[in-house]
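Participant: Pasting a structure below so you can have a look.
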Amino acid sequence: QNQVLTKLEQKQLISQPTSLVAYSSAKILVSDQAGNIWYFDGTVNQPQSLTLPTKLASGTKLIQKYLKNLYIFNSSDNQIYRVANFDKDLSSAAVATKTSLITNAPISDWSINGDIWTINATGTLLGLRRNAPVSHTALVPLSGPFHLAAIDKTVLISDGRIIAKLDPSSGSLAERLLLSDQTITDINQNGPLGWWIVIDSKLYFLPTAQL
């Protein structure tokens, strides 16, 4: 079924975006390579650059959300910060993981489904639960760049050509779901319903029910 994508009006373009999370059409966050976090609120003034607390002032950031909380991986100290019940203000950001636990830093991508999953450029995958490893660090037998997305107990990983389902208990590939002759540029969760997949310039939806 064909669907029409709506372009968001914005007063300035975001250079080199690195990650995006959406709570609603009027509550969207985008991080960029320079370390900024931009806020889209549906007004003529979007996007707005959010004020960063000192602990997040430097470093490229990769953002994720879980429930109402915002999570920020900061490359300058390899830590993940949590902003509880996010509502535009980042001042309450607090460390959610210990630096020593993210042993595969610097990471290429990460996702959160209650557990935290991170992967680096060489395919080393790490899962954390309550500041303890979910499983042994595993090396994914694919070549990057990698993208991760996690919903409930399902974790998907892509290397740009393949989307595979992971066995969270072992970190190994359980099955390969999709092989594309075009470039898979991103995968992102859409709550319990499924995943958005960007292949070249087209957007696809993969329902959870098909897994």
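Participant: With unit charges on the beta carbons (Lys and Arg positive, Asp and Glu negative) and the dipole taken about the Cα centre of the chain, which residue among LEU142, GLY59, LEU13 sits farthest to the positive side?
Facilitator: GLY59
Participant: Accessible area per residue for the chain in Å², computed with a 1.4 Å probe and the full protein assembly in place, what is it?
Facilitator: Values: 11250 Å² over 211 residues.
It amounts to 53 Å² per residue over the chain.
Participant: So, one more: So how much slack lies between LYS202 and LYS27, counting 0.36 nm per residue of separation and subtracting their Cα-Cα distance, in nm?
Facilitator: Values: separation 175, 0.36 × 175 = 63.00 nm, distance 2.32 nm.
Extra length from LYS202 to LYS27 when fully extended: 60.7 nm.
Participant: Mind checking which lysines have their Cα closer than 20 Å to the Cα of LYS153? Skip sequence neighbours fewer than 8 apart in that chain.
Facilitator: Within reach: LYS65, LYS68, LYS165.
Participant: Here's a follow-up. Output the relative contact order of the chain, whole-number percent, from Cα pairs under 8 angstrom with separation of 6+ residues.
Facilitator: Relative CO of the chain lands at 9 percent.
Participant: Now for a separate question. Per residue of region 70-81, in order, report the coupling 6.51 cos²θ - 1.76 cosθ + 1.60 (Karplus, θ = phi - 60°) as ³J(HN,Hα) in whole Hz, putting x for Gly and Pro.
Facilitator: Along region 70-81, the couplings run 9, 10, 10, 8, 10, 5, 6, 10, 6, 10, 9, 10 Hz.
Participant: Right, something else. How about LYS98: which aspartates and glutamates have a C-alpha closer than 15 Å to its C-alpha, ignoring those fewer than 8 places off in the same chain?
Facilitator: In chain and number order, the partners are ASP77, ASP115.
Participant: Can you tell me which of 123-130, 203-210 comes out highest on packing, and rank the rest after it, using the mean Cβ neighbours within 10 Å?
Facilitator: Peptide ranking by packing, descending: 123-130, 203-210.
Participant: Under the Karplus relation 6.51 cos²θ - 1.76 cosθ + 1.60, θ = phi - 60°, what is the ordered set of whole-Hz ³J(HN,Hα) values for region 82-89, x standing for Gly and Pro?
Facilitator: 10, 10, 5, 6, 3, 8, 6, 9
Participant: Can you give the direction-averaged projected area of the convex hull of the alpha-carbon atoms in region 1-77, in nm²?
Facilitator: Average of the hull's projected areas for region 1-77 equals 6.2 nm².
Participant: Can you tell me how much longer the chain between ASP167 and GLN10 gets when fully stretched, taken as 0.36 nm per residue apart minus their C-alpha distance, in nm with one decimal?
Facilitator: Stretched out fully, the ASP167 to GLN10 stretch lengthens by 52.5 nm.
Participant: Measure off 7 Å from each Cα along the Cα-to-Cβ vector at THR103 and LEU193, then give the distance between these two points in nanometres to one decimal.
Facilitator: That separation, rounded to one decimal, is 3.9 nm.
Participant: Obtain the radius of gyration and the Kirkwood radius of region 19-64 from its C-alpha atoms and give Rg over Rh.
Facilitator: 0.97
Participant: For the peptides 25-37, 61-73, what is the packing order when you average, over each peptide's residues, the other Cβ atoms within 10 Å and list the highest mean first?
Facilitator: Packing proxy ranking, top to bottom: 61-73, 25-37.
Participant: Now a separate question. Kirkwood hydrodynamic radius (Cα pairs, Å) of region 61-196?
Facilitator: It is 15.1 Å.
Participant: Turning to a different aspect of this structure: Using a 1.4 Å probe over the heavy atoms of the protein chains, calculate the carbon and sulfur portion of the accessible area of the chain as a whole percent.
Facilitator: Details: 5820 of 11250 Å².
For the chain, the apolar C and S fraction of the accessible surface comes to 52 percent.
The values are calculated or read from the model by the stated rules, or taken from the named source; none is laboratory data. Small disclaimer: the values here were computed from a predicted structure and weren't measured. Virtual Cβ from ideal backbone geometry, glycine too; neighbours counted across all protein chains shown. When the accessible area is computed, the model is the full protein with side chains, heavy atoms only, and any ligands, DNA or RNA have been set aside. Shrake-Rupley method; radii C 1.70, N 1.55, O 1.52, S 1.80 Å.
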